[in-house]
Every structure is written in structure tokens, then in C-alpha cells.
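Working notes, beginning with the structure itself.
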Amino acid sequence: MTVQGLPMVVPAQDLPAQVRIHEVGARDGLQNEKATVPTEVKAEFVRRLADAGLTTIEATSFVHPKWVPQLADAEQLFPLISDLPGVRLPVLVPNERGLDRALALGARRVAVFASATESFAKANLNRTVDEALAMFEPVVARAKAEKVHVRGYLSMCFGDPWEGAVPIHQVVRVCKALLDMGCDELSLGDTIGVATPGHVQSLLAELNEEGVPTSALGVHFHDTYGQALANTLAALQHGVTTVDASAGGLGGCPYAKSATGNLATEDLVWMLQGLGIDTGVDLGRLTATSAWMAGQLGRPSPSRTVKALSHQE
């Protein structure tokens, strides 16, 4: 439970009044688990996240089960949660076959997953960056023809475990390609958690200079070096209002071994509440949900806020 009056609300200047949290724990979090989580537990996780006030919850991935066996139950899971009122349930689709499967179940929001670097494109998609973009073009075109919202994920925006530093212009090129093919929004991924605030603001400024509006951008930070909240604040100062986070800090990246967990949704909500920024999320219910999920996984949550608030119960 939360402490009365804490965090104390002290707004800062030039920050958004409201932030939409794009919750990725049920997909990006659980896909990195060694053990497969039962379908009903996943469905209950999504329902509890919705009950805590999250309105965008990435549900699952329609990737071939060979590559992500933890999410092989997408067809079974999606119907169990598709009737949640007022909740967006985006799903990851790697190709046209994945899109077919998602559309057959009534999905209205999908995402494709590109890379800013050649090394990660090869490791994750077994293609070059441009070959991957070419693969996504018909996926995005068909989704838009069906009036389905499309998000474009872009990995390795701030650094790559094989290539090191990633030039900003290289990231901008792929961002523009994704928007040009029809993506409605982009998520800028710090896949191995090496970004720092100045780097974040420089990338966002360069994107704006090249005609990419801030309103089309979200940010997705990992906390490998403890920089996720600082980087999020830098993005908010630039005007970004969509932030990806994972309940309980679940997740990493199965194709980048140096990637640790995502920014914990509870840690993000604590900071945003203190800044007086509306998220619509009940922190107590969210913390209880992540503590419950940690129990299902048999280990404590890495979220600092979950640890702090759970100790007070």
C-alpha cells in the first residue's frame, strides 16, 4: 500500500500534463522468461493491469512458436482478454502470416519490430536492415487497409552490443522509413540500456529537424545502467507523452544478452505522480499486481517501488 501523502506532488516546468503508459510486461516481459507462464495466468495478469488503470497493454506476439515459445499461446490468450472495456491490446506481428493470425482474432492494433543496426537485424530477423523494412512494407500496408493502428518498434537506437555506438543519422533514417511506409507511431528502443539524457534529447531533436513530429514518438528504456528514469525525464522535457514500461520491471531481450529488465511501470508511475503528471494508474493496485506476478514466477520483483511498497504491507 502507498504512504499517505507520498510521493509529495511538486510539478516541474515544461512537462506534459498527461502521459500514456504503453504497458509491455505481458509481452516483452513474459517472452524473456525461461519457464512458460500458463495462459490463464497471463490473462489474469492483463486483467489486473487493466483494473489498475492501464489503458494500453501489449498482449502477446504472433511470432512463430519456434522463436518465442513463451508466447506460443497467442490464439488461446487473445480471446480471453479481448473484451476488456476501454483497453487497447496491441500485438506484435513479425510478418504477413503473423498479421493474418492477429486479424483473424479481431486485433485492431499491431506492431512491427525493426532494428537501427545491421548486427541486431541479423541476430533478431536474419535479415539486413533494408531487407527487414521490405518485409514489413506489405504488413503495414495491409494493416492500414484494414484500418488497424500500427506501431513501429526500433531497437538499438542508442547503442548495440556488437557495433557499439549507433550514429544518430542512422537511427533517423530507419525511423523515417517506418513512418513513410505507414506506421502511426514509433517506439525508440534503448535495447541494452546504454542511453544517457543528452543522447536522448539529441536524437529527439534530430528527428524533429528531419520532419518527424514528437507526437509520433514513444520511448522504451531498459535500466541496465540505472538510467531509465533519467532518460524518460529527458524525453518528457522534449515533449514526449508515450512511455513504454513493464509491470514489475519484467523483461529483457532474448537476442541481446546484455539487455536487462525494462523500466518498471511502478517506478515510472511514482516519478510521474511526484511531478503531478496524470497517468490514470492506481499505484497501489499496480504494485499488488506486480507482487502477485512475481509470486507466480517464483522470485521477487526487481522494481524498486514494488519492493518499497510491498515491505509496508
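Summary table below
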read-out	value
Residue check for ALA216: without any contact (Cβ under 8 Å) to a residue 40 or more places away in the chain and in contact with a strand residue (DSSP E or B) (Cβ under 9 Å, 6 or more places away or on another chain)	yes
Scope region 174-183; condition crowded, with 16+ Cβ neighbours inside 10 Å and either out of contact with any Lys or Arg (no Cβ under 6 Å at 6 or more places or on another chain) or acidic (Asp, Glu) (or both); matching residues	VAL174, CYS175, ALA177, LEU178, LEU179, MET181, CYS183
Test: residue in region 46-61 that is open to solvent by less than 70 Å² (accessible area, probe 1.4 Å), in contact with a helix residue (DSSP H, G or I) (Cβ under 6 Å, 6 or more places away or on another chain), of a type in the set (Ser, Thr, Tyr) and within 28 Å of THR241 (Cβ to Cβ)	yes
Members of region 97-150 that are part of a loop (DSSP other than H, G, I, E, B) and modelled with pLDDT under 95	ASN126
Hits in region 151-165 - residues which are open to solvent by 10 Å² or more (accessible area, probe 1.4 Å) and either part of a loop (DSSP other than H, G, I, E, B) or among the β-branched types (Val, Ile, Thr) (or both)	PHE158, PRO161, TRP162, GLU163, ALA165
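The values are calculated or read from the model by the stated rules, or taken from the named source; none is laboratory data. The shown structure was predicted, so the numbers you read here are calculated from the model rather than taken from an experiment. Glycine also receives a Cβ, built like all others from the backbone with ideal geometry; neighbour counts cover every protein chain displayed. Side chains included, ligands, DNA and RNA excluded: accessible areas come from the protein's heavy atoms. Shrake-Rupley method; radii C 1.70, N 1.55, O 1.52, S 1.80 Å.
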